[in-house]
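Just so you know, all these numbers are worked out from the coordinates, no wet-lab data involved. The structure presented is a predicted model; accordingly, all values stated were derived computationally and were not measured. Cβ placement follows ideal geometry from the backbone for every residue including glycine, while neighbour counts extend to all protein chains displayed.
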Amino acid sequence: MRRACVISILAVWVMLLTGCWDSKEVQSINFITAIGIDYSDNQYTTYAQLIDFSSIAKQEGPTSREGSQIWIGRGTGTTLSMAINDLYETSQQQTLWTHVKAIVLSKSALEARLEDIFDTLLHSGQLRYTPWIYATDQDMSTLLSPSAILNQSAQTIELFEPMKLYRQHSGYEPIRLHQLLDSLREPSSVVLLPSVSTKNQTWHKGEETPPLIRMDGFYVVSNGKSQGKVSGAEADGTRYVNYDHVYQYPLYVYGKHTSTPDLTLNLHKPKTRIEAKKNTNGITFDLFTSVKGTIAEDHAPPRSPRVMEHEASKQIESQLRNTFAKTKTRKIDSFGLVEHLYRHHLDWWKEEVAKRADPLSRFQLGKVDVQVHILNASTYKYGE
């Protein structure tokens with residue numbers, strides 16, 4: 001009886017052990033952390049970024065981080081599936097896509113193959129809907145091999161953790177894969193896909209200027225295709241109308257005949273209400289924008305908070321009108337005005353958008369009412 005009991009215990013123990021025999025150590029698996037996809041000359045090129053996790057595990061403290069070694073794989077094929085399989089042939093060991101944190105699309109892929117790309121990627125069942133997604137017009141191998149300041153882990157760069165910097169400086173709003181997919185499924189929906197590059201003239205390491213990730217604009221994507229890239233001053237007005245969240249962004253208010261701003265505000269939480277009016281020439285859109293701000297610098301003579309708010313309002317109105325005019329000439333709808341008609345005036349959308357090759361040509365910007373509320377004006381002393 002006792003012998004039979006021992007044998008039974010040993011049998012159960014052996015059965016439990018069998019569940020671990022085929023397990024693999026982390027160093028025996030290739031975990032792809034970022035992917036890049038290009039399409040040109042009827043051929044896909046897939047780039048896969050691998051980061052040496054063993055170097056990350058060796059960190060002993062916040063000041064002794066070792067730089068992570070990055071490998072870039074490149075596969076090609078006439079279909080995306082063939083390009084991915086081309087990567088496997090020399091990967092040396094099992095490769096998993098479950099840890100992908102960023103997806104970067106080339107400009108040419110963005111203009112032609114979005115639905116095919118995501119249909120293939122998501123059929124694998126390994127890719128999640130939460131990676132950050134970007135576009136670029138830069139060489140993909142260079143973009144996926146960036147540096148990190150102070151030899152920090154490559155897993156902490158802006159490509160993988162964009163929201164930390166965006167909350168401090170809301171330049172170009174990051175989006176996740178599911179947000180882009182939602183827009184592809186909705187007629188006339190507009191998504192602003194941030195553009196990234198590694199152009200760096202700011203941070204130096206001795207005489208070296210390492211490549212660092214930065215957002216340099218956004219691509220306006222609608223109906224599964226890119227309308228074009230918007231960047232710099234041309235993009236400023238979009239921030240008030242079509243961003244989901246703006247945590248903090250500087251507004252420089254210039255006086256007459258000066259190249260130095262008289263006033264610098266940090267803007268927060270802009271909200272814009274759009275009203276459309278139809279006329280014989282097309283559609284006129286009125287914008288009603290409200291935004292909060294805090295004073296960062298004030299170099300002008302003493303004046304009341306109301307005067308400063310008025311000056312800031314005029315500056316923002318100028319940005320809104322400039323963005324509308326510049327993007328309209330390029331047939332880019334960064335304000336999402338077509339989507340506004342689709343959701344609120346479907347009959348006008350059918351008449352002015354669905355039947356026209358260039359609906360923006362019949363759009364006009366009417367009234368632009370901007371209200372700025374300075375939150376910290378009471379902490380300063382102003383003259384009359």
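Between the amide H of His169 and any residue lying 5 or more places away or on another chain, no distance stays under 5 Å, with hydrogens modeled in the peptide plane. As a rough footprinting exposure proxy, the listed residues Asp41, Asp333, Asp139 were ranked by other beta carbons within 10 Å of their own, and the order from fewest upward is Asp41, Asp139, Asp333. Values of log10 I(q)/I(0) for the chain across q = 0.06, 0.12, 0.13 Å⁻¹ run -0.33, -1.02, -1.14, by the Debye formula with one identical scatterer at each alpha carbon and no solvent. Taking 17 Å as the straight-line reach from the Cα of Lys314, the lysines in range (excluding those fewer than 8 positions away in the same chain) are Lys256, Lys271, Lys292, Lys367. Given H placed 1.01 Å from N in the peptide plane, which residues other than close sequence neighbours of Lys101 have an amide H under 5 Å from its amide H? Sorted by chain and number, the residues that satisfy this are Ala34.
Taken along the Cα-to-beta-carbon direction at a fixed 7 Å, the label points for Thr260 and Asn376 span 2.1 nm.
Here the Kirkwood formula puts the hydrodynamic radius of the stretch 233-384 at 16.7 Å, using every distinct Cα pair.
Using Cβ point charges alone (K and R +1, D and E -1), the dipole size of the chain about the Cα centre works out to roughly 840 debye. Spread over its residues, the convex hull of the C-alpha atoms of the stretch 264-343 is 126 Å³ per residue.
For the chain, no complete DSSP H run has alpha carbons reaching 27 Å or more along its own long axis together with a mean Kyte-Doolittle score of 1.0 or higher. Ordering Tyr243, Ile374, Asn266 by Cα displacement along the dipole of the stretch 233-384 toward the positive end leaves Tyr243 in first place; charges were set at the Cβ atoms of Lys, Arg (+1) and Asp, Glu (-1).
Under the simplified labelling scheme, the His310-Ile149 pair shows an inter-label distance of 4.0 nm, with each label point 7 Å from Cα along Cα→Cβ.
Listed peptides 108-120, 75-87, 209-221, 345-357 appear in the order 209-221, 108-120, 75-87, 345-357 once ranked by packing, highest mean of other Cβ atoms within 10 Å at the front. Rounded to the nearest whole Hz, the Karplus-based 3J(HN,Hα) values (6.51 cos²θ - 1.76 cosθ + 1.60, θ = phi - 60°) of the stretch 192-207 follow the sequence 9, 8, x, 9, 10, 8, 10, 6, 9, 10, 9, 9, 10, 10, x, 8, with x at glycine and proline. Label sites at Gln364 and Asp182, each approximated as a point 7 angstrom past Cα along Cα to Cβ, lie 3.4 nm apart.
Quick one: which of Lys225/Lys277; Lys277/Lys350; Lys326/Lys350 span more than 22 angstrom between C-alpha atoms? Violating the 22 Å Cα-Cα cut-off are Lys225/Lys277; Lys326/Lys350.
Over the chain, Cα pairs under 8 Å with separation of 6+ residues give a relative contact order of 12 percent. Diffusion coefficient (Stokes-Einstein, Kirkwood radius over C-alpha pairs, 10 °C, 1.306 mPa s) for the stretch 161-258: 104 µm²/s, rounded to a whole number.
Ranking Leu287, Val253, His345 by how far each Cα lies toward the positive end of the dipole of the stretch 233-384 (charges on Cβ) leaves His345 at the top. If you take the beta carbon distance between Glu275 and Thr202 as r and set R0 to 41 Å, what does 1/(1 + (r/R0)^6) give as a FRET efficiency, to the nearest 0.05? It comes out at approximately 0.50.
Note on the stretch 303-384: semi-axes of the ellipsoid equivalent to its C-alpha gyration tensor, largest first and rounded to whole Å, are 38, 13, 9. For the stretch 250-291, the residues whose backbone nitrogen is under 15 Å from a point 7 Å from the Cα of His299, taken along Cα to Cβ, are 251-265. Rounded to the nearest 20 debye, the dipole size of the stretch 238-330 about its Cα centre is 440 debye, using +1 on the Cβ of Lys and Arg and -1 on the Cβ of Asp and Glu.
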